[in-house]
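Here's the structure we're looking at; comments come further down.
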Amino acid sequence: MSINWFPGHMHKARKEIAEVMPQVDIIIEMLDARIPYSSENPLVAQLRKQTPCIKVLNKADLADPALTQQWVSHLEQERGIRALPTSQHEPEPIKRLLALCEQLLPERNLSLKGARAMIMGIPNVGKSTFINILAGRTIAKTGNEAGVTKTQQRIKLDKNIVLTDTPGFLWPKLNPPSCGYRLAITGAIKDTAFDYADIALFAADYLLQAYPEALKQRFQIDELPEQGIELMDIIGAKRGCMRKGGVVDLQKTGSLLISEIRTNQLGPVTLETPAMIVQECAEAEAENAHKAAEKAEREKLRQQRAKKKYR
């Protein structure tokens, strides 16, 4: 199953961001620390070009700390990029962001000439809460669902920085497809756009490999199965997610498992690693090349048949 969610207001947000980008001195991109790659919008890279960028790994308290450090090192390999893990429960790292802005603009004396920053990110990544902490007052509307912010607004910050807030937006085609699953698991995609059993099965397969002990402890399982579907059956039976005839209700079980992940009931969990993403991207590139070759071959055959028909 392919998961995509790109409503009309996201297309509008992208166009508005492109219009003001030439006036921006520094970009702040909000990522979800549990899925740093999947929450990294490729359209942002296209729009920002050489503009300095701070990638904020928000919700770091929900992520595996060791993997968060791996992601910080990985992201900062790119020139002009700094990475900053943050959590709304620990405001001090958030307040360090303004100092990072100064470091990335060494030629600018902010006391004499201010800077314009723009903050961007996927839906439900915690951008509004982050802005409120950064500004020291409630400015941005918050909500535990995707797509709360609908329009741009400008906010005056300390150090003579003006911040432009933008609506969260995804991109038209999520690739590799696994990115869509991870975005759905963490709540960046509206629940109506996916099937809970489907994404929970994806999560179960990953958790069995990456966090077996967390599963054992949370669901009181002595011996874990090998397959995600078997894990779903065990969890459903233990939590009473049953249908008539003693069959596990996979929708209810899936909803329960996703809720457990989102609320950190399994402990800090990161759903992707840099090495995993390198492999997935290589596989996706190979598959796309294969599909392109097949399409070219079909077009070649079509043209040959057309020539024979009209001879």
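Name the pairs whose Cβ atoms lie under 8 Å apart, with the first residue in the range 78-102 and modelled with pLDDT under 90, the second among the aromatic types (F, W, Y), and 6 or more positions between them or separate chains?
Close Cβ pairs satisfying both conditions: Q88/F130; I94/F130.
Inspect all residues belonging to the range 270-279 and state whether any of them is under 30 Å from the mean Cα position of the chain (by Cα), surrounded by 12 or more Cβ atoms within 10 Å (Cβ to Cβ), of a type in the set (D, E, K, R) and farther than 30 Å from A60 by Cα.
So far as the range 270-279 goes, no, none of its residues is under 30 Å from the mean Cα position of the chain (by Cα), surrounded by 12 or more Cβ atoms within 10 Å (Cβ to Cβ), of a type in the set (D, E, K, R) and farther than 30 Å from A60 by Cα.
Taking the range 54-63 as the search range and keeping residues that are within 22 Å of R116 (Cβ to Cβ) and in contact (Cβ under 8 Å) with a residue 60 or more places away in the chain, which one is surrounded by the most Cβ atoms within 10 Å (Cβ to Cβ)?
The residue in question is V56.
For residues that are in contact with a helix residue (DSSP H, G or I) (Cβ under 7 Å, 6 or more places away or on another chain) and among the aliphatic types (A, V, I, L, M), scanning just the range 257-280, find the one that is farthest from N175 (Cα to Cα).
Selected residue: L266.
Filter the range 30-52 for residues that are among the hydrophobic types (A, V, I, L, M, F, W, C) and either touching a Phe, Trp or Tyr at 6+ places or on another chain (Cβ under 6 Å) or free of Cβ contacts under 8 Å to residues at least 40 places away in the same chain (or both) and give the result.
Those that are among the hydrophobic types (A, V, I, L, M, F, W, C) and either touching a Phe, Trp or Tyr at 6+ places or on another chain (Cβ under 6 Å) or free of Cβ contacts under 8 Å to residues at least 40 places away in the same chain (or both): L43, A45, L47.
Which condition does D249 not pass, out of (1) within 28 Å of E287 (Cβ to Cβ); (2) free of Cβ contacts under 8 Å to residues at least 24 places away in the same chain; (3) not basic (K, R), if it passes all the others?
(1)
Kindly indicate the residue of the range 179-207 that is small (G, A, S), crowded, with 22+ Cβ neighbours inside 10 Å and out of contact with any helix residue (DSSP H, G or I) (no Cβ under 6 Å at 6 or more places or on another chain) and also modelled with the lowest pLDDT among those meeting that condition.
Within the range 179-207, the match that is modelled with the lowest pLDDT is A188.
Conditions first: (1) in a loop (DSSP other than H, G, I, E, B); (2) modelled with pLDDT of 95 or more. R311 passes all but one, so which condition is the exception?
(2)
Determine, yes or no, whether A66 is under 18 Å from the mean Cα position of the chain (by Cα), without any contact (Cβ under 8 Å) to a residue 60 or more places away in the chain and closer than 28 Å to P274 by Cβ.
No.
From the set of residues in the range 235-255 that are crowded, with 20+ Cβ neighbours inside 10 Å and either among the polar types (S, T, N, Q) or part of a helix (DSSP H, G or I) (or both), which is nearest to the chain's Cα centre (by Cα)?
G254
The values are calculated or read from the model by the stated rules, or taken from the named source; none is laboratory data. Remember, it's a predicted structure, so these values are computed and weren't measured experimentally. Note that we place each Cβ from the backbone using ideal geometry, even for glycine, and neighbour counts take in every protein chain shown.
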